[in-house]
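Novice: A single structure is presented below for examination.
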Amino acid sequence: MTRIIDRRFDSKKKSAVNRQRFMRRFKQQIRRAVSDAIHDRSIRDLDNGESISIPAKDLSEPQFQHGRGGVWEQIFPGNDQFSSGDLINRPPSGGGRGQGGKASNEGEGEDDFVFHLSREEFLDVFFDDLALPNLVRTQLARVTDYKTQRAGFTSDGSPANINIIRSMRGALGRRLALGSPLTAQLRELQAQLKEIVEEKGEDCDEAVALREEIGRLRARIEAIPWVDSFDLRFNNRVKVPRPTTQAVMFCVMDVSGSMDEEKKATAKRFFMLLYLFLNRTYEHIDLVFIRHHTVAKEVDEEEFFHSRESGGTVVSSALNMMRDIIQDRYAHGNWNIYGAQASDGDNWDNDSPICHDVLGSRILPFCQYFAYIEITPGEPQNLWREYEKLLGRHKNFAMQRIEEPADIYPVFRELFKKNLV
């Protein structure tokens, strides 16, 4: 058998190139594994890596081999058990590949290949062919702002930034370093003067000369400046980039009696996708969870997804609360506001026109994007019909229907597909 091995030199990042080639080849298996990962993760830990298994049979490489040459004959054994059209029973378990409940002395197999996706690879596969629409900042799109922060000390600067303690510490150290030899000489001369005075008296010539030398040394020591210009130290401040791209994501969910657990779980998966998608674009994301039946309430993530409180349906209560929160916390123009509303569309008839007015005039003018998903297997409800009137007037508004959990990802792709214009 002949095997052909490609030994051509690759780039310096040969392993990275081979990894990308591997991912392109098994793209479908990787996509399926990534899609399955969202079911077992919460909103904030969805963007981790993922280990996927690829069947060993899919890893087989095509090979060249020599065929059987010449003229040859082959006799196949006859069949005395089955006739044409007979059904063949399934082989008993344990017959090979280590499967079943009984041991076997026949058969062999190979474990699946486990491949770990990094965080970035996981996200790239998950959001392939998607792009967030209306990605334009309210003030400046993706402009990096700067902030100043302390960065040690410097020898020059503005007098307003002078550091007194550091400057005096440096001046004192310099005086000690420069005056130390002179101070040692001064102590020696004073000791000599004391001995000479005891032996020869105060007025001898040697004593007078020593006193003059001591005076000169003290003058030199006192001449050392207390604070020199190079002793000054100033607080140093540097500019560091501070990302200003920040977003707030409003999650609005109907928890009325008509929203069963399956519908709530579907809504949860959709919110997970939206958070993960925004997290790839913005450095900082605030999450606001609003759940409602007849009364809206802002809650944390745990209560949002797991509380069992239910009741009637008045959707406008949640939209009014979202409007109030935007005005109180995010009305200064530095936030990109996104909203996602999940409901089965079954709303009180008199309330749906109010929802239309609140969403169209009080919320959408301040939002980058607002997505409404209606989770119901039946006909569109009254809330859907009211929201349809907003589609033509607001380009930052989109709506889709989800009939079953399998529709979540296609609907999400449709809501946030790339704008090719």
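Novice: Only one of these is within 30 Å of L415 (Cα to Cα), of a type outside the set (D, E) and part of a helix (DSSP H, G or I): A171, A267. Name it. Outline the logic, then answer.
Specialist: On the way: A171 fails: within 30 Å of L415 (Cα to Cα).
One residue alone meets the criteria, A267.
Novice: Could you check D346 against (1) buried (at least 23 other Cβ atoms within 10 Å of the Cβ); (2) over 19 Å from F271 (Cα atoms) and say which number it fails?
Specialist: Among (1) buried (at least 23 other Cβ atoms within 10 Å of the Cβ); (2) over 19 Å from F271 (Cα atoms), D346 violates only (1).
Novice: Residues A184, A177: which one is closer than 30 Å to R150 by Cβ, free of Cβ contacts under 8 Å to residues at least 24 places away in the same chain and of a type outside the set (K, R)?
Specialist: On the way: A184 fails: closer than 30 Å to R150 by Cβ.
From the options A184, A177, the qualifying one is A177.
Novice: Go through region 307-329 and count every residue that is assigned to a loop (DSSP other than H, G, I, E, B) and out of contact with any helix residue (DSSP H, G or I) (no Cβ under 8 Å at 6 or more places or on another chain). Before the answer, list the steps.
Specialist: Start the filter on region 307-329 by keeping residues that are assigned to a loop (DSSP other than H, G, I, E, B), which leaves 307-315.
Still in the running and out of contact with any helix residue (DSSP H, G or I) (no Cβ under 8 Å at 6 or more places or on another chain): 307-314.
So the answer is 8.
Novice: May I pose another question? Return the residues of region 176-185 that are in contact with a helix residue (DSSP H, G or I) (Cβ under 9 Å, 6 or more places away or on another chain) and not hydrophobic (A, V, I, L, M, F, W, C); say none if nothing qualifies.
Specialist: Within region 176-185, G179, T183, Q185 qualify.
Novice: Looking only at region 354-401, count how many residues are more than 19 Å from S317 (Cα to Cα) and among the aromatic types (F, W, Y).
Specialist: Count: 2.
Computed from the coordinates by the stated procedures, all read-outs in this text should not be read as laboratory data. Owing to the predicted nature of the structure, the values given are computational and were not obtained by experimental measurement. Reconstructed Cβ throughout: ideal geometry from the backbone, glycine too, with neighbour counts over all protein chains shown.
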